[in-house]
Amino acid sequence: MASAMAGAMSGRVVRWRSLAAAVLVALTTAGCGINNVPTLQERAKAAWAEVQNQYQRRADLIPNLVETVKGYAKQESDVLTQVTEARAKATSIKVDASTITDPAKFKEFQAAQSQLSGALGRLIATVEAYPDLKSNQNFLALQSQLEGTENRIAVARRDYIGTVQAFNTEVTTIPGRWIAAIFYPSAKPMETFSATEGADRPPSVKF
């Protein structure tokens with residue numbers, strides 16, 4: 001009996017030693033790889049902050065855009081209301097660093113931004129019916145800013161997706177997965193934008 005227990009204990013010790021040796025080898029062969037997890041994590045967070053920044057820039061342009069269109073096309077009140085309400089919803093969602101590791105929060109954020117994009121698209125489509133609005137200097141300036149912002153959003157999203165892919169690969173493959181489990185247990189895979197048709201290019205905002 002005692003011999004069996006001693007044998008079992010010895011077996012566990014051997015397994016633990018083998019595991020420890022495997023981890024040690026992984027850390028040794030990884031070299032400076034011990035810093036990969038936090039480095040890639042910070043890059044992804046910085047990229048996410050830039051995504052937020054560009055979406056906020058777009059939101060800041062919308063009130064002036066709505067007021068300008070309203071001055072020439074008051075009869076488009078339904079479309080103007082849709083844009084205003086979509087903007088309010090998008091900006092009311094609390095977004096922070098935890099959003100990118102929370103599937104539900106990230107999905108809510110993406111859905112709200114997509115809804116706003118759709119409302120803006122409908123507003124832009126109505127402009128064709130108002131030649132005076134299309135030539136208004138204030139409107140032309142807003143057009144240029146909006147077009148530039150949509151391009152920056154596309155670039156920021158692309159960069160964010162790239163950094164998240166690198167981080168997620170690191171924390172789900174060996175030896176990064178082991179390093180994360182031992183030294184960075186709070187590091188979780190991050191969410192990324194769902195691929196949609198045309199997601200690789202900014203929406204058209206030509207007037």
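The values are calculated or read from the model by the stated rules, or taken from the named source; none is laboratory data. Quantities reported herein were computed from a predicted structural model and do not represent experimental measurements. Cβ coordinates were reconstructed from backbone atoms using ideal geometry, including for glycine residues, and neighbour counts include every protein chain displayed. Ligands, DNA and RNA are stripped out before the accessible areas are found, and what is left, the full protein with its side chains, is counted by its heavy atoms. Shrake-Rupley method; radii C 1.70, N 1.55, O 1.52, S 1.80 Å.
Annotations
- If you go through region 68-104 and pick out every residue that is within 17 Å of the chain's Cα centre (by Cα) and of a type in the set (D, E, K, R), you end up with 3.
- Given (1) open to solvent by 80 Å² or more (accessible area, probe 1.4 Å); (2) modelled with pLDDT under 95; (3) within 22 Å of Ser194 (Cβ to Cβ); (4) not basic (Lys, Arg), number of the condition Cys32 does not satisfy: (3)
- Close pairs (6 angstrom Cβ cut-off, 6 or more residues apart or separate chains): part of a helix (DSSP H, G or I) in region 135-146, surrounded by 14 or more Cβ atoms within 10 Å (Cβ to Cβ) and among the hydroxyl-bearing types (Ser, Thr, Tyr) anywhere: Asn138/Thr68; Phe139/Thr68
- Selection of region 172-187 for residues being of a type in the set (A, V, I, L, M) and either under 21 Å from Glu50 (Cβ atoms) or open to solvent by 40 Å² or more (accessible area, probe 1.4 Å) (or both) yields Ile174, Ala181, Ile182, Ala187.
- Filtering region 91-110 for residues that are under 15 Å from Tyr72 (Cβ atoms), out of contact with any strand residue (DSSP E or B) (no Cβ under 8 Å at 6 or more places or on another chain), open to solvent by 10 Å² or more (accessible area, probe 1.4 Å) and touching a residue at least 24 places away in the same chain (Cβ under 8 Å) leaves an empty set.
- The test for being in contact with a Ser or Thr (Cβ under 9 Å, 6 or more places away or on another chain) and either open to solvent by less than 20 Å² (accessible area, probe 1.4 Å) or small (Gly, Ala, Ser) (or both) holds for Leu133.
- Criterion: among the polar types (S, T, N, Q) and either surrounded by 20 or more Cβ atoms within 10 Å (Cβ to Cβ) or not in a helix (DSSP H, G or I) (or both) - qualifying residue of Thr169, Thr126, Thr149: Thr149
- Checked against the criterion of being in contact with an Asp or Glu (Cβ under 7 Å, 6 or more places away or on another chain) and at pLDDT below 95, the candidates Thr99, Thr126 yield just one match: Thr126.
- Residue match in region 153-172 (condition: hydrophobic (A, V, I, L, M, F, W, C) and at pLDDT below 95): no
- Any hit, region 60-80, residues being in a helix (DSSP H, G or I), open to solvent by 60 Å² or more (accessible area, probe 1.4 Å), within 30 Å of Ala187 (Cβ to Cβ) and not charged (D, E, K, R): no
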